[in-house]
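First comes the structure, then the notes that go with it.
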């Protein structure tokens, strides 16, 4: 879904602003993007939109891509308890601690905190003399959390560390550090892949908010909770959200420019209305494009193919305000049966080649 949102946002930005964005070559130090992340206003940003994650990202105030990747990796069972340590170490609130100087080069990037699977492998290689294969077997065994297995692995690890010249105390401390991470630590390549999508979504939201949220809405149009959240985010950002309108709306959400400064607004799509499907509204939108705006409810019935519009869909269109330009809701709602009967009659006349004008 997130790749769909990115692709759709790129397309909308091209249509709306005439800019062809290459997401693989956006600046990775964009100030607006990091300001957005630091504010914690990450609704709609991949991996960073949950309430708990938003709080931590706001506290972290990431300044590098690596910070984003590390936070995504840490926000998991096991490593999560070390998030506060990571944040405090980054900002110098607490000193960065390394159990032994040997681990400095391995843990420097993550402020002394084990974040990635690879760091576990490098640590047991450096301290206990394991080969890469042995280190991976150790990591997998630890991940099973079987007490007897863990006891055996601890004994082997401490024995290896002693042979390498490290004290039992240092070995014990490092093992205790590794233990919570071994089964849960994220692969670094995974974390960086996720972080790239997170950064790209944050970049588009920070620099092209209306277009990005439109793409988000199109992709999540059938999820009312996400639509409501996105609309609330538009209000917070000062982006105008226009209601559905039979003469203005497309099938889905789209950017509509207007006003003196041509500010982009988001127009509700007709399929975003509950109980209204693509088959119902596609012919209506097509006819509006072909023959111009509908002048009245009768004009709509005479011109558009309304075979896909049942009573429920018509009621939903009226209640959502999509037909306000054609008449008052209080007048239209009690006459749904008559409207649909007229539409059916006009459809028959079109199919038989007769013009409604002969029956005026």
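What follows draws every value from the coordinates through simple rules; no lab data is involved. On a predicted model such as this, the values are computed, not experimentally measured, just so you know. Glycine also receives a Cβ, built like all others from the backbone with ideal geometry; neighbour counts cover every protein chain displayed.
Below are the figures for this structure:
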| item | result |
| --- | --- |
| Sorted peptide list for 41-51, 87-97, criterion being average Cβ within 10 angstrom, highest first | 41-51, 87-97 |
| Computed log₁₀ I(q)/I(0) - Debye formula, equal Cα scatterers, no solvent, the chain, q 0.12, 0.13, 0.14 Å⁻¹ | -0.90, -0.99, -1.08 |
| Spin-label pair residue 231/residue 1, simplified geometry with 7 Å Cα→Cβ offset, distance in nm | 1.8 nm |
| Tilt relative to the chain, helix 117-128 - C-alpha long axis, 0 to 90 degrees, to 10 | 0 degrees |
| DSSP-defined antiparallel bridges as percent of all bridges, the chain, nearest 5 | 60 percent |
| Chain lengthening between residue 274 and residue 169 when straightened (0.36 nm per residue, less Cα-Cα) | 31.4 nm |
| Cβ-derived FRET efficiency at R0 22 Å, residue 257 paired with residue 29, nearest 0.05 | 0.10 |
| Mean Cβ count within 10 Å, highest first, over the residues of peptides 171-178, 98-105 | 171-178, 98-105 |
| Crossing angle, helix 168-182 versus the chain [Cα axis fit, 0-90 degrees, rounded to tens] | 20 degrees |
| Descending semi-axes in Å of the range 1-67, equivalent ellipsoid built from Cα gyration tensor | 24, 14, 10 |
| Where Rh is the Kirkwood radius over Cα pairs, Rg/Rh for the range 240-360 | 0.99 |
| Most to least packed among 324-337, 243-256, 272-285 [average Cβ atoms within 10 Å] | 243-256, 272-285, 324-337 |
| Stretch gain in nm, segment residue 349-residue 184, where the contour uses 0.36 nm per residue and the Cα spacing is subtracted | 52.7 nm |
| Computed P(r) (all Cα pairs; the range 19-188; 5 Å bins; percent) | 1, 8, 16, 19, 17, 13, 10, 8, 5, 3, 1, 0, 0 |
| Difference of contour (0.36 nm per residue) and Cα-Cα distance, residue 22 to residue 155 | 42.7 nm |
| FRET E, pair residue 51, residue 293, Förster distance 35 Å, beta-carbon r, rounded to 0.05 | 0.20 |
| C-alpha center-to-center spacing [the range 117-161, the range 254-298] in angstrom | 61 Å |
| Among 71, 164, 53: highest mean-square fluctuation, GNM of the chain, C-alpha pairs under 10 Å | 164 |
| The range 87-234: Cα Rg divided by the 2.2 N^0.38 Å rule of thumb | 1.44 |
| Crossing angle, helix 224-237 versus the chain [Cα axis fit, 0-90 degrees, rounded to tens] | 90 degrees |
| Residue 66-residue 319 pseudo-label distance in nm [points 7 Å out on the Cα-to-Cβ vector] | 5.5 nm |
